[in-house]
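Below is one structure, written out as C-alpha cells; comments come after it.
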Amino acid sequence: MTVDIDLPRVALKKVTPQVSAAMGALHAAAVAAAKDAGVEPELLELVRIRASQINGCAFCIDMHTKDARAAGETEQRIYALNAWAETPFYSERERAALALTEAVTLIAGDRVPGDVYRAATEVFKEDEVAALIWAATVINAYNRIAISTRMVPGGYQPAKTSS
C-alpha cells in the first residue's frame, strides 16, 4: 500500500468544530472516569500507545510516547510495548489492560474474548474496566481521525509541569 502524504486532507476542527468539540468532551469525560476510578495515568498512556501501534497511527504514537516519557515511563517499556506479552516488564494489571486494549482495538477479529475480559475483571474493579474500555475506544477514534486526515507527527510537545 502506498501512502500519499502530500494529498491535502480535510481540517476537521475547522470544517466541523462542533463534532471536534464533542470528541474533545468525550476524551475529557473518559479521562475523568479513569481518574475517578483510580486508573493510573501512566497505564492510560500505555493503552493509548498500544492501540496506536496496532492501528499504525504515527501521530498518536509520537504524542503518547512523549506523554509517557514526561510522566516517567522508561524507554525500555515503551520500546517493548508492541511485544509486551513476551517480556517481564509489565505488571499483571498492565498485562490485563493491554490485552483488553488489543481486543477492543481488534474487535472485528475475536469480539473481546471471554478470557481476556475475565482476566481484566480479576485485577480491575468494574469502574476501572469501564474506564479502560472508554480509553481504548477514544484512542481508537482519535487514531482514525489522525490517520484519515494525515495528521503529521513530530510537532507535539507535552505540557510542561510545574515542580
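Couple of notes before you dig in:
- Scanning segment 67-92 for residues that are of a type outside the set (Phe, Trp, Tyr) and crowded, with 17+ Cβ neighbours inside 10 Å yields a total of 6.
- The requirement of being of a type in the set (Lys, Arg), surrounded by 15 or more Cβ atoms within 10 Å (Cβ to Cβ) and out of contact with any Pro (no Cβ under 6 Å at 6 or more places or on another chain) is fulfilled somewhere in segment 144-159, by at least one residue.
- Of all residues in segment 59-76 being in contact with a Pro (Cβ under 6 Å, 6 or more places away or on another chain) and not hydrophobic (A, V, I, L, M, F, W, C), the one that is nearest to VAL152 (Cα to Cα): ASP62
- Condition met for ILE139 (free of Cβ contacts under 8 Å to residues at least 60 places away in the same chain and under 18 Å from the mean Cα position of the chain (by Cα)): no
Only the coordinates and a few stated rules stand behind these numbers; no lab work does. Just so it is clear, the model here is predicted, and its values are computed rather than measured. Backbone-built Cβ (ideal geometry, glycine too); neighbour counts: all protein chains shown.
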